[in-house]
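Report on the following structure.
The values are calculated or read from the model by the stated rules, or taken from the named source; none is laboratory data. Predicted, not measured: the structure shown is a model, and the values here were computed from it. Here the Cβ positions follow ideal geometry from the backbone for every residue, glycine too, while neighbour counts run over all protein chains shown.
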Amino acid sequence: MRRVLLLFLLMYVSAAALAQADELKTYTLEDVLKLGRNKNPSLSVFEAELKAAEGGIVAAGAFPNPVLELELGRGRATRESDLDRQEYRVSLEQPVEVSAKRLYRRKAAEAAHAEVRQDLTDLHLRLGFEVKQAFYHLLLAQNNLETTAAIAASSEESLGKIRLRVEAGDAPEVDLIKARVELLKTRKELRAAEREIFGFKAVLNRLTGNTLGGNFAVSGNFAGAPENLDPSKLIERALSRHPLVERRKLEIIGAEASLAMEQASRMGDLSVKAFYGHEIDKEFYGAGISIPLPLWYGRSGEIASASAKLSGARAALDELKAEIAARVEMAAAETQVAVARVDAFEEGLLRDAKETLEIADFSFEQGETSLLELLDTRRTYAAVLLEHNESLYELAVAVARLEEATGGDFNE
């Protein structure tokens, strides 16, 4: 009896586990964006770089360590040969930066740290676009699957009606064959749509660090176009907040600080020293200072190199601004084209295709339209529905690409 109860218990637990494993999880765009920002494997690289940059700030602001020197030996008096004694000397030396080198060095390190943060922001920006594109691609595949399934159901219903007509002698046998062929084609398209979904799920799962599981779906709508698509305003928006622009500005700040540090380093660091010594016949103590004199070399090479890097950073910023402006213009134009295509479907094509199909269905029921004309009309309607889904997807991706080019979400 116990074995039977144990067996039933194991079967119940197994069934519950399978049911839980097969439970479909649904994610919105906000869900997958959050997972992408927190779980994408690329983020760990930037986290390590941030820690390294933080260490650079600490090192840049540190004071130079003092130097303790100890000398031991034995001495023999030259006049009294029997006098032999231990001698020693202790000195403490502290290097001192007399100029603002530490200030400039720390400023350059802080700029480098801020650059890594902007790199991380840019990664979030690019990752956000990739996640949105993958999300919309999967949403498109799901919508296409639903559309194809509805068309398959309609084809199957038509097949039943035609079979009754053929059996009643009101339609030729060839109509039944045509209807079967059409249904088989639709079912083949349905299986292809199902396989396509698996591929898009894998892409989205990879971008979110494989946290979505194997059995999931996405829900939501395709993003519409923003109200203002004026390229000049979009370019102004991009140049004022894009993380790559901010990074170039930080590179200039860091290069200016490095140049100032090299210029301040022409005069080397002085050292302050205190010492005490004990010899055979005396004790001595005192203090001293050492000052390097830049007589033969004043770091002209290092200064020239730092100046060239500063000029290069400024030129790189100008080049980046031109590149971003061109990118925004292209993305805005692409979005406008996508908007026009969606409007064409929603302002007439969808309605006309639906009305044409309804007329064809009614005419076929009345015996005024052939089966071939009905199938052609149904194919046209299916193509319009699928192309409308495609246009919505293209608009959503174009908006996401425009957001990436301008430096962030339009709602921010």
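Here is how the numbers come out for the structure above:
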quantity: Condition met for THR406 (at pLDDT 85 or above and of a type in the set (Ser, Thr, Tyr)); calculated: yes
quantity: Odd one out for GLU368 among (1) part of a helix (DSSP H, G or I); (2) exposed (fewer than 13 other Cβ atoms within 10 Å of the Cβ); calculated: (1)
quantity: Pair list, Cβ under 8 Å, 6 or more apart: the range 34-50 residue hydroxyl-bearing (Ser, Thr, Tyr), other residue at pLDDT 85 or above; calculated: SER42/LEU123; SER42/LEU127
quantity: Scope the range 241-266; condition outside any helix (DSSP H, G or I) and surrounded by 16 or more Cβ atoms within 10 Å (Cβ to Cβ); matching residues; calculated: HIS242, SER265
quantity: Matching residues, the range 227-240, being among the acidic types (Asp, Glu) and either part of a helix (DSSP H, G or I) or surrounded by 18 or more Cβ atoms within 10 Å (Cβ to Cβ) (or both); calculated: GLU236
quantity: All positions within the range 148-200 that are over 22 Å from THR380 (Cα atoms), among the charged types (D, E, K, R), in a helix (DSSP H, G or I) and modelled with pLDDT under 80; calculated: ARG163, ARG165, GLU167, GLU173
quantity: The range 88-126 - residue that is hydroxyl-bearing (Ser, Thr, Tyr) and crowded, with 16+ Cβ neighbours inside 10 Å and, of those, farthest from GLU251 (Cα to Cα); calculated: SER91
quantity: Residue identified as touching a Lys or Arg at 6+ places or on another chain (Cβ under 8 Å), part of a loop (DSSP other than H, G, I, E, B), surrounded by fewer than 16 Cβ atoms within 10 Å (Cβ to Cβ) and modelled with pLDDT of 75 or more among GLY224, GLY213; calculated: GLY213
quantity: Filter result for LYS132 (surrounded by 18 or more Cβ atoms within 10 Å (Cβ to Cβ), in contact with a helix residue (DSSP H, G or I) (Cβ under 8 Å, 6 or more places away or on another chain) and within 19 Å of THR406 (Cβ to Cβ)); calculated: yes
quantity: Near pairs, Cβ below 6 angstrom, 6+ apart or cross-chain, from the range 320-331 (of a type in the set (Lys, Arg)) to any residue that is assigned to a helix (DSSP H, G or I) and surrounded by 18 or more Cβ atoms within 10 Å (Cβ to Cβ); calculated: ARG327/ALA405
quantity: Selected residue (criterion: surrounded by the most Cβ atoms within 10 Å (Cβ to Cβ)) from residues of the range 275-309 that are of a type in the set (A, V, I, L, M, F, W, C), within 60 Å of the chain's Cα centre (by Cα) and part of a loop (DSSP other than H, G, I, E, B); calculated: ILE291
quantity: Selection from the range 31-44 of residues that are surrounded by 12 or more Cβ atoms within 10 Å (Cβ to Cβ) and assigned to a helix (DSSP H, G or I); calculated: ASP31, VAL32, LEU33, LYS34, LEU35, GLY36, ARG37, LYS39, LEU43
quantity: Considering residues of the range 347-391 that are modelled with pLDDT under 80, hydrophobic (A, V, I, L, M, F, W, C) and closer than 17 Å to LYS185 by Cα only, the residue farthest from the chain's Cα centre (by Cα); calculated: LEU371
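Here is a yes/no grid of residues against (1) within 20 Å of the chain's Cα centre (by Cα); (2) under 30 Å from ASN144 (Cα atoms); (3) free of Cβ contacts under 8 Å to residues at least 12 places away in the same chain:
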site: LYS201; (1), (2), (3): yes, yes, no
site: ARG206; (1), (2), (3): yes, yes, yes
site: ASN215; (1), (2), (3): no, yes, no
site: VAL245; (1), (2), (3): yes, no, no
site: LEU250; (1), (2), (3): no, no, no
site: ALA264; (1), (2), (3): no, no, no
site: ASP269; (1), (2), (3): no, no, no
site: LYS273; (1), (2), (3): no, no, no
